[in-house]
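Taking it in order: structure first as C-alpha coordinates, then the write-up.
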Amino acid sequence: MGTVTLGVSIAVPEPYGSLLQERRASFGDPAAYGIPTHVTLLPPTEAEAADLPAVERHLARIATGGRPFPMRLSGTGTFRPLSPVVYVQVVEGASACAWLQKRVRDASGPLMRELQFPYHPHVTVAHDIAEEAMDRAYAELSDYEASWTCGSFALYEQGADAVWRKINEFPFGAEGSAPAVPAQGGCSVDEPSLQP
(Lines give C-alpha, C1' and ligand atoms only; values in the text may rest on other atoms or scores of the structure.)
Protein backbone atom coordinates (compact mmCIF):
# COMPACT_ATOMS: atom_id res chain seq x y z
CA MET A 1 0.00 0.00 0.00
CA GLY A 2 2.98 2.32 0.43
CA THR A 3 3.38 5.33 2.67
CA VAL A 4 1.24 8.38 3.32
CA THR A 5 2.07 11.80 4.77
CA LEU A 6 -0.18 12.57 7.72
CA GLY A 7 -0.74 15.55 9.99
CA VAL A 8 -2.96 16.13 13.01
CA SER A 9 -4.32 19.57 13.77
CA ILE A 10 -7.03 21.73 15.26
CA ALA A 11 -8.91 23.52 12.50
CA VAL A 12 -9.48 27.25 12.87
CA PRO A 13 -13.26 27.46 12.31
CA GLU A 14 -15.21 29.73 10.00
CA PRO A 15 -15.27 32.58 9.41
CA TYR A 16 -11.73 32.87 10.83
CA GLY A 17 -10.21 29.99 8.86
CA SER A 18 -11.08 31.30 5.39
CA LEU A 19 -10.18 34.87 6.33
CA LEU A 20 -6.68 33.88 7.49
CA GLN A 21 -6.23 31.62 4.47
CA GLU A 22 -7.11 34.53 2.16
CA ARG A 23 -4.77 36.83 4.05
CA ARG A 24 -1.98 34.24 3.76
CA ALA A 25 -2.57 34.10 0.00
CA SER A 26 -2.58 37.91 -0.19
CA PHE A 27 0.94 37.98 1.24
CA GLY A 28 2.08 35.81 -1.68
CA ASP A 29 2.38 32.48 0.13
CA PRO A 30 1.90 29.81 -2.58
CA ALA A 31 0.94 27.16 0.01
CA ALA A 32 -2.02 29.18 1.34
CA TYR A 33 -4.84 27.33 -0.39
CA GLY A 34 -3.28 23.89 0.02
CA ILE A 35 -3.20 24.07 3.82
CA PRO A 36 -6.41 24.58 5.81
CA THR A 37 -5.90 27.16 8.58
CA HIS A 38 -4.90 25.24 11.67
CA VAL A 39 -2.95 24.77 14.89
CA THR A 40 -0.58 21.81 14.44
CA LEU A 41 -0.67 18.87 16.86
CA LEU A 42 1.49 16.58 14.68
CA PRO A 43 3.67 18.02 11.91
CA PRO A 44 3.91 16.21 8.53
CA THR A 45 4.76 12.60 9.36
CA GLU A 46 5.25 9.63 7.04
CA ALA A 47 3.35 6.48 7.97
CA GLU A 48 2.50 3.18 6.35
CA ALA A 49 -0.89 3.37 4.64
CA ALA A 50 -1.72 -0.01 6.21
CA ASP A 51 -1.36 1.60 9.66
CA LEU A 52 -4.19 4.11 9.09
CA PRO A 53 -6.81 2.09 11.04
CA ALA A 54 -4.44 1.93 14.05
CA VAL A 55 -3.74 5.66 13.74
CA GLU A 56 -7.45 6.45 13.75
CA ARG A 57 -8.08 4.22 16.79
CA HIS A 58 -5.20 5.95 18.61
CA LEU A 59 -6.60 9.42 17.86
CA ALA A 60 -10.14 8.39 18.82
CA ARG A 61 -8.85 7.22 22.24
CA ILE A 62 -7.12 10.57 22.79
CA ALA A 63 -10.25 12.51 21.83
CA THR A 64 -12.37 10.45 24.24
CA GLY A 65 -10.07 11.59 27.07
CA GLY A 66 -10.41 15.27 26.20
CA ARG A 67 -13.05 17.92 26.70
CA PRO A 68 -13.88 21.08 24.71
CA PHE A 69 -11.74 24.05 25.70
CA PRO A 70 -11.54 27.77 24.86
CA MET A 71 -9.13 28.88 22.13
CA ARG A 72 -8.13 32.48 21.52
CA LEU A 73 -5.82 33.99 18.92
CA SER A 74 -4.34 37.44 19.37
CA GLY A 75 -1.65 39.35 17.52
CA THR A 76 1.36 38.09 15.61
CA GLY A 77 4.72 36.51 16.29
CA THR A 78 7.62 35.21 14.22
CA PHE A 79 10.28 32.51 14.35
CA ARG A 80 12.68 34.60 12.25
CA PRO A 81 15.64 34.53 11.91
CA LEU A 82 15.69 30.82 12.88
CA SER A 83 12.83 29.91 10.57
CA PRO A 84 10.96 32.00 7.95
CA VAL A 85 7.55 31.91 9.62
CA VAL A 86 5.11 34.62 10.72
CA TYR A 87 2.17 33.42 12.78
CA VAL A 88 -0.88 34.46 14.75
CA GLN A 89 -0.37 33.72 18.44
CA VAL A 90 -2.41 31.23 20.46
CA VAL A 91 -2.95 33.14 23.72
CA GLU A 92 -5.58 30.83 25.25
CA GLY A 93 -5.71 27.07 24.78
CA ALA A 94 -1.94 26.59 24.40
CA SER A 95 -1.65 24.25 27.39
CA ALA A 96 -4.49 22.08 26.10
CA CYS A 97 -2.83 21.94 22.66
CA ALA A 98 0.43 20.88 24.32
CA TRP A 99 -1.40 18.16 26.28
CA LEU A 100 -2.97 16.84 23.08
CA GLN A 101 0.13 16.91 20.89
CA LYS A 102 2.15 15.02 23.50
CA ARG A 103 -0.45 12.24 23.53
CA VAL A 104 -0.65 12.15 19.72
CA ARG A 105 3.11 11.47 19.63
CA ASP A 106 3.05 9.10 22.63
CA ALA A 107 5.74 6.41 22.53
CA SER A 108 3.11 3.67 22.83
CA GLY A 109 1.16 4.90 19.79
CA PRO A 110 1.56 4.57 16.01
CA LEU A 111 2.56 8.25 15.53
CA MET A 112 5.52 8.27 17.90
CA ARG A 113 8.17 10.76 16.79
CA GLU A 114 10.51 13.38 18.17
CA LEU A 115 10.11 17.04 17.27
CA GLN A 116 12.94 19.06 15.75
CA PHE A 117 12.08 22.00 18.03
CA PRO A 118 10.08 22.41 21.27
CA TYR A 119 6.34 22.55 20.68
CA HIS A 120 4.80 26.01 20.33
CA PRO A 121 1.15 26.18 19.17
CA HIS A 122 0.52 28.85 16.54
CA VAL A 123 -1.35 29.60 13.29
CA THR A 124 1.02 30.17 10.36
CA VAL A 125 0.08 33.12 8.13
CA ALA A 126 3.31 33.39 6.08
CA HIS A 127 6.02 30.84 5.42
CA ASP A 128 9.21 31.10 3.40
CA ILE A 129 8.25 34.13 1.30
CA ALA A 130 9.98 37.47 0.64
CA GLU A 131 11.09 39.34 3.76
CA GLU A 132 8.99 42.37 2.80
CA ALA A 133 5.88 40.19 2.57
CA MET A 134 6.71 38.57 5.92
CA ASP A 135 7.01 42.03 7.45
CA ARG A 136 3.64 42.98 5.97
CA ALA A 137 1.97 39.86 7.39
CA TYR A 138 3.44 40.59 10.81
CA ALA A 139 2.24 44.22 10.76
CA GLU A 140 -1.17 43.80 9.12
CA LEU A 141 -2.34 41.03 11.46
CA SER A 142 -0.81 42.51 14.62
CA ASP A 143 -4.25 43.42 16.00
CA TYR A 144 -5.98 40.22 14.82
CA GLU A 145 -8.31 38.58 17.36
CA ALA A 146 -10.42 35.41 17.21
CA SER A 147 -11.90 33.07 19.80
CA TRP A 148 -13.98 29.89 19.81
CA THR A 149 -14.54 26.67 21.74
CA CYS A 150 -12.38 23.86 20.40
CA GLY A 151 -14.46 20.68 20.31
CA SER A 152 -12.33 18.38 18.16
CA PHE A 153 -9.16 17.80 16.20
CA ALA A 154 -8.64 16.11 12.84
CA LEU A 155 -6.37 13.81 10.85
CA TYR A 156 -5.19 15.10 7.47
CA GLU A 157 -3.36 13.51 4.55
CA GLN A 158 -1.19 15.39 2.07
CA GLY A 159 -2.01 14.47 -1.51
CA ALA A 160 0.38 14.14 -4.45
CA ASP A 161 -0.72 17.68 -5.38
CA ALA A 162 0.65 18.91 -1.99
CA VAL A 163 -2.90 19.76 -0.80
CA TRP A 164 -3.87 18.68 2.73
CA ARG A 165 -7.27 16.97 2.99
CA LYS A 166 -9.17 15.93 6.10
CA ILE A 167 -9.50 12.16 6.54
CA ASN A 168 -11.41 12.10 9.82
CA GLU A 169 -12.45 14.34 12.69
CA PHE A 170 -12.28 13.33 16.34
CA PRO A 171 -14.70 15.12 18.71
CA PHE A 172 -13.84 15.28 22.38
CA GLY A 173 -15.63 13.10 24.94
CA ALA A 174 -18.95 14.33 26.26
CA GLU A 175 -18.68 16.83 29.09
CA GLY A 176 -19.07 15.17 32.47
CA SER A 177 -18.07 11.71 31.24
CA ALA A 178 -14.43 12.33 30.35
CA PRO A 179 -11.52 13.87 32.24
CA ALA A 180 -10.90 17.53 31.58
CA VAL A 181 -7.84 18.57 29.63
CA PRO A 182 -5.37 19.75 32.29
CA ALA A 183 -4.77 23.48 32.61
CA GLN A 184 -1.02 22.90 32.33
CA GLY A 185 0.36 20.64 29.63
CA GLY A 186 3.33 18.43 30.25
CA CYS A 187 5.61 19.99 27.67
CA SER A 188 7.00 23.36 26.72
CA VAL A 189 4.63 25.91 25.26
CA ASP A 190 6.89 28.93 25.52
CA GLU A 191 9.50 28.12 22.88
CA PRO A 192 8.97 27.99 19.10
CA SER A 193 8.55 24.67 17.35
CA LEU A 194 9.37 26.35 14.03
CA GLN A 195 6.79 24.04 12.45
CA PRO A 196 4.68 25.92 9.90
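Taking G151 as the residue in question, decide whether it is of a type outside the set (A, V, I, L, M), within 22 Å of V55 (Cβ to Cβ) and at pLDDT 95 or above. Judged against the criteria, G151 is a match. The numbered conditions (1) more than 24 Å from I167 (Cα to Cα); (2) free of Cβ contacts under 8 Å to residues at least 60 places away in the same chain are all true for Q21 except (1). The single condition among (1) under 18 Å from the mean Cα position of the chain (by Cα); (2) buried (at least 22 other Cβ atoms within 10 Å of the Cβ) that A60 does not satisfy is (2). Checking the stretch 127-146 against the condition returns a match, with at least one residue being surrounded by 15 or more Cβ atoms within 10 Å (Cβ to Cβ) and within 15 Å of I10 (Cα to Cα). Of all residues in the stretch 80-94, how many are over 16 Å from R24 (Cα atoms), without any contact (Cβ under 8 Å) to a residue 40 or more places away in the chain and within 16 Å of the chain's Cα centre (by Cα)? Adding up the residues that qualify gives 1. None of G66, G77 is closer than 17 Å to E131 by Cβ, buried (at least 16 other Cβ atoms within 10 Å of the Cβ) and within 17 Å of the chain's Cα centre (by Cα) except G77.
Residues in the stretch 21-49 that are over 14 Å from the mean Cα position of the chain (by Cα), of a type in the set (A, V, I, L, M, F, W, C) and more than 18 Å from R113 (Cα to Cα): A25, F27, A31, A32. When restricted to residues that are buried (at least 16 other Cβ atoms within 10 Å of the Cβ) and outside any helix (DSSP H, G or I), the stretch 30-57 contains 12.
The values are calculated or read from the model by the stated rules, or taken from the named source; none is laboratory data. Being a predicted model, the structure only gives us computed values, none of them experimental. As a convention, Cβ positions derive from the backbone with ideal geometry for all residues, glycine included, and neighbour counts pool all protein chains shown.
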